[in-house]
Structure formats: structure tokens, C-alpha cells
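The structure appears right after this line, and notes come after that.
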Amino acid sequence: MKKIILSGIRPTGKLHVGHYIGAIKQLVEIQNSGDFDKFYVMLADSQALTDNAGNVQKVRDNILEVALDLLSCGLDPNKTCLFIQSEIPALTEMTFYYMNLVTLSRLKRNPTVKEEIKLRGFEESLPMGFFTYPVSQTADITAFGTTIVPVGEDQKPMIEQAREIVRTFNSTYGEVLTMPEAVIPKTKAQARLVGTDGKGKMSKSLGNCIYLSDNEATIKQKIMGMFTDPDHIKVSDPGKVEGNVVFEYLNAFVKPDSFEKYLPEYKNLDELKAHYQRGGLGDVKIKLFLNNILQEILRPIREKREKLAQNPENVYQILFDGSDNANIEANKTMQSIKSAMGIDYRNIYSKN
Ligand code: TRP
């Protein structure tokens with residue numbers, strides 16, 4: 001069986017280090033492994049519009065921002081098909097037929113959508129498009145014959161939903177759609193990076209993000225202002241490591257050579273943690289260590305981003321080429337769907 005990988009990102013804001021460690025880094029690793037037949041990364045602008053109908057400009061502007069973020073992290077259009085969801089008409093068409101294969105009560109059970117509805121205060125004014133986006137996401141996935149979807153934990157219910165629709169479609173109309181599988185990041189530190197304030201997941205609305213596009217001074221300022229252990233007042237006080245934002249970030253970002261380079265008096269993170277817990281290790285020292293590590297990761301990304309941003313038309317061209325490429329596959333699948341359903345009237349009835 002072919003290995004076809006697809007991931008999607010809603011272009012609603014610039015990407016931050018939480019996106020980087022939770023998703024983008026893995027996407028680049030997959031890309032560079034070359035271990036696939038085809039690799040797609042989709043900018044899910046249509047999905048973003050399901051809760052931004054009055055805010056098209058935000059979505060439009062962030063197509064470029066997110067594309068810049070992805071390309072500067074190492075996504076390479078020669079290896080990855082990077083495309084825009086709304087450029088693929090077959091996706092909307094498929095969605096319409098898939099809607100008939102899922103019930104209202106089934107959609108209501110999706111825990112991620114439930115949570116998102118609450119977060120957005122949509123209880124009284126839920127847009128149908130938002131409510132049904134798991135169906136449209138099934139189209140995104142199946143249109144390309146996707147076998148593997150690398151996503152965060154919160155997207156598991158979407159893949160479950162897609163699998164159910166695939167099963168129903170295939171048993172109703174014949175084996176046309178490929179069964180997808182989710183691949184979830186390995187470690188907890190990667191799956192869910194806390195914000196700099198320690199209050200919850202890094203998110204734009206909470207204002208606790210370090211963006212891939214932040215400059216050196218901003219990054220340092222955000223790190224120096226991080227929440228640590230409120231009871232760790234004097235350097236000599238014993239400190240807590242769990243729930244300490246700086247250590248959460250060190251868990252996620254430290255590399256084997258980080259100590260040798262920036263903090264040679266410790267061998268590894270366990271030693272550093274032990275000293276902090278014992279007392280005698282100040283917050284400034286661990287923050288400066290984290291700053292060195294993050295600056296090393298973010299500097300090349302930022303520099304590449306600044307270069308790419310000078311020619312936005314080249315970035316759009318990459319997206320249009322990717323979309324042309326994606327359209328070829330999606331149209332093929334659309335044809336197979338129509339003929340399986342028996343609504344390919346022109347094949348059945350046309351004279352020539
Ligand atoms: N729902 C995903 C998110 O919010 C984005 C997305 C849209 C997606 N279509 C997809 C992810 C298809 C994987 C596959 O992150």
C-alpha cells in the first residue's frame with residue numbers, strides 16, 4: 001500500500017514555538033526522511049472561515065504568514081506539496097456527499113468540537129459550517145488517498161470521524177476511499193507546550209506565546225518574564241520543577257549538546273533539576289540557559305523568514321503550484337466517488 005501523509009493547519013495566526021515543537025518539527029522530519037509516496041501540507045483556510053466568516057482578512061493575511069513560518073522551518077516545496085484548501089473545489093463537493101453519511105447526533109458527540117463550541121461561546125449561535133467541519137476534514141483527508149495523518153491529540157476525534165465516514169462510504173458504494181490513521185507526537189512535552197505564563201496551552205488569545213517571527217530581544221524578554229516556582233524566592237530556596245514553565249520548556253527543547261555549549265558545569269537536565277530542587281540555583285541562570293537554547297533554534301528560522309518575506313509573490317507561487325498539483329489528485333478521487341455512487345452521468349450516458 002502507498003504511504004500518503006497529509007496534515008492541515010488553520011491559518012488564523014502566526015505560528016509559535018508550541019506549534020513548532022508540537023507539529024512543525026515532526027512534519028519537517030517526516031519530509032526529510034523521505035519515507036512516503038506523497039506528502040501534503042494544507043493551509044486550511046476554508047476550515048478557518050467556519051468560525052471567521054466576518055473575518056476573512058485575518059485568514060487571508062495568515063495564509064502568507066503561516067506559509068512563511070512553514071517554509072522557514074524547513075518545509076521544502078520540492079519534497080512537500082504545500083497548498084491552499086479553498087483552491088481545491090473537489091473538497092467542498094466531497095463534503096456535500098459525505099454529509100449524508102453521518103448523523104447529527106454523531107457529530108454532536110465530537111469532544112473536540114464540543115470544547116471548541118464552548119470556548120467560542122457558540123452555544124446559541126453555532127455556524128453550521130463550524131459544526132460540520134469534521135466532515136469537511138474527512139474530505140481533506142480522503143481526497144488524496146491519505147493513509148497517515150500526523151496530528152495533535154485534540155485531532156484524534158476528527159480522524160475517528162473520518163474513519164467512520166470512510167467505512168460507511170465504502171460499504172454503501174464500494175471500496176473507493178482509503179482508511180486513514182492518526183499519528184500522534186510521542187512525548188507529553190511535545191504534545192502540549194504551556195504558555196510563558198504557565199496558565200495553559202500556548203495560545204494567541206492568552207498572549208502567552210513566543211512566535212517564530214519574534215526578534216532576539218523579544219524572545220529574551222518573554223523568557224526572562226516566565227513563570228517559575230512562586231515559592232522559589234531566594235536562590236538558596238529549594239525549587240519545584242513540575243509546573244515550572246522554564247523546566248517544561250527545557251524538557252521540550254534541550255538538545256544533547258546544549259549543556260556542553262551553554263552550561264558545562266552540568267552534565268544533563270536531571271542534574272540541573274536536582275540542583276534546583278535542592279536549592280542554590282537561581283531562576284536567572286536557568287532562564288539564560290533556556291534563552292541560549294531557544295535563540296539557537298529560532299535564529300536560522302527567523303533569518304530565513306525575513307528573506308522569504310521580501311518576495312511574497314514567490315511564496316504565493318509555491319502555494320499555487322502546490323494547489324495545482326493537489327487538484328489533480330483530488331479531482332481523480334472525486335471522479336471515483338461519483339462513479340462509485342453512480343452519479344457520473346456523463347460516463348454512463350454521453351453519446352461518445
Ligand atoms: N483541524 C485541524 C486543526 O485545527 C486542521 C486541519 C484541517 C487538518 N484539515 C485537516 C488536520 C486535515 C489534518 C488533516 O489543527
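Data for the structure
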read-out: Positive-pole candidate from 157, 347, 184, dipole of the chain, charges at beta carbon; value: 157
read-out: Calculated diffusion of the stretch 219-352, Stokes-Einstein form, Kirkwood radius summed over Cα pairs, 4 °C and 1.567 mPa s, µm²/s; value: 66 µm²/s
read-out: Unit charges at the beta carbon, dipole of the chain: most positive-side option, 210, 336, 312; value: 336
read-out: Out-of-range pairs (alpha-carbon distance over 19 Å; input 2/186; 14/255; 199/285; 2/332; 118/201; 114/199); value: 2/186; 14/255; 199/285; 114/199
read-out: Solvent-accessible area per residue, Å², over the stretch 1-82 with all protein chains present [probe radius 1.4 Å]; value: 38 Å²
read-out: Rough spin-label spacing in nm, given labels placed 7 Å along Cα→Cβ, for residue 332 and residue 218; value: 4.2 nm
read-out: Per residue accessible area of the stretch 221-267, 1.4 Å probe, in Å²; value: 57 Å²
read-out: Antiparallel DSSP beta bridges within the stretch 1-144, percent to nearest 5; value: 0 percent
read-out: Under the span-like rule (Cα at least 15 Å along the axis, Kyte-Doolittle mean at least -1.0), DSSP H helices of the chain; value: 56-72, 156-173, 283-309, 312-341
read-out: 222 nm mean residue ellipticity, helices alone, for the chain (DSSP H n ≥ 4; -39,500 (n - 2.57); rounded to 500); value: -16000 deg cm²/dmol
read-out: Whole-angstrom gap from the stretch 1-47 to the stretch 60-96, using each part's C-alpha centre; value: 10 Å
read-out: Evaluated over the stretch 8-55, the Cα radius of gyration and Dmax, each in Å; value: 13.1, 41
read-out: Peptides ranked, highest mean first, by Cβ atoms within 10 Å: ranges 67-73, 321-327, 274-280; value: 67-73, 321-327, 274-280
read-out: Cα point-scatterer Debye curve for the stretch 7-165, base-10 log of I(q)/I(0) at q = 0.10, 0.12, 0.20 Å⁻¹; value: -0.36, -0.52, -1.49
read-out: Ratio of Rg to Rh over the stretch 1-97 (Cα coordinates, Kirkwood Rh, two decimals); value: 0.98
read-out: Stokes-Einstein translational diffusion, the chain - Kirkwood Rh over all Cα pairs, 1.306 mPa s, 10 °C, in µm²/s; value: 72 µm²/s
read-out: Hydrodynamic radius of the stretch 99-228 per Kirkwood, over alpha carbon pairs, in Å; value: 17.2 Å
read-out: Added length on full extension, which subtracts the Cα-Cα distance from 0.36 nm per residue, residue 237 to residue 345; value: 31.2 nm
read-out: Sorted peptide list for 115-123, 35-43, 138-146, 176-184, criterion being average Cβ within 10 angstrom, highest first; value: 138-146, 35-43, 176-184, 115-123
read-out: With eigenvalues of the C-alpha gyration tensor scaled by 5 and rooted, the stretch 243-295, Å; value: 15, 13, 10
read-out: 5 angstrom amide H check on residue 237, placed H, neighbours 5+ away; value: 280
read-out: Percent RCO, i.e. relative contact order, over the chain, from Cα pairs under 8 Å lying at least 6 residues apart; value: 22 percent
read-out: Computed label-point distance, nm, for sites residue 204 and residue 96 using a 7 Å Cα→Cβ extension; value: 3.0 nm
read-out: Pairwise label distance in nanometres, residue 267 with residue 114, each label 7 Å out on the Cα-Cβ vector; value: 4.8 nm
read-out: Estimated dipole of the chain in Debye, rounded to 20 [Cβ of Lys and Arg +1, of Asp and Glu -1, Cα centre]; value: 320 debye
read-out: Antiparallel bridges, percent of DSSP beta bridges restricted to the chain (to nearest 5); value: 10 percent
read-out: Local net charge near residue 208, Cβ-Cβ under 15 Å (Lys/Arg +1, Asp/Glu -1); value: +3
read-out: 10 Å beta-carbon shell around residue 46, net charge (K/R +1, D/E -1); value: -2
read-out: Residue-span extension gain [residue 170 to residue 303] - 0.36 nm each, minus C-alpha spacing; value: 43.1 nm
read-out: Per-peptide average of other Cβ atoms within 10 Å, ordering 255-263, 195-203 highest first; value: 195-203, 255-263
read-out: Apportionment of accessible area to carbon and sulfur, the stretch 33-173, percent (1.4 Å); value: 52 percent
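The values are calculated or read from the model by the stated rules, or taken from the named source; none is laboratory data. The structure presented is a predicted model; accordingly, all values stated were derived computationally and were not measured. So basically every Cβ, Gly included, is an ideal-geometry build from the backbone, and we count neighbours across all protein chains shown. Heads up: the accessible areas ignore ligands, DNA and RNA and are worked out on the full protein's heavy atoms, side chains in. Shrake-Rupley method; radii C 1.70, N 1.55, O 1.52, S 1.80 Å.
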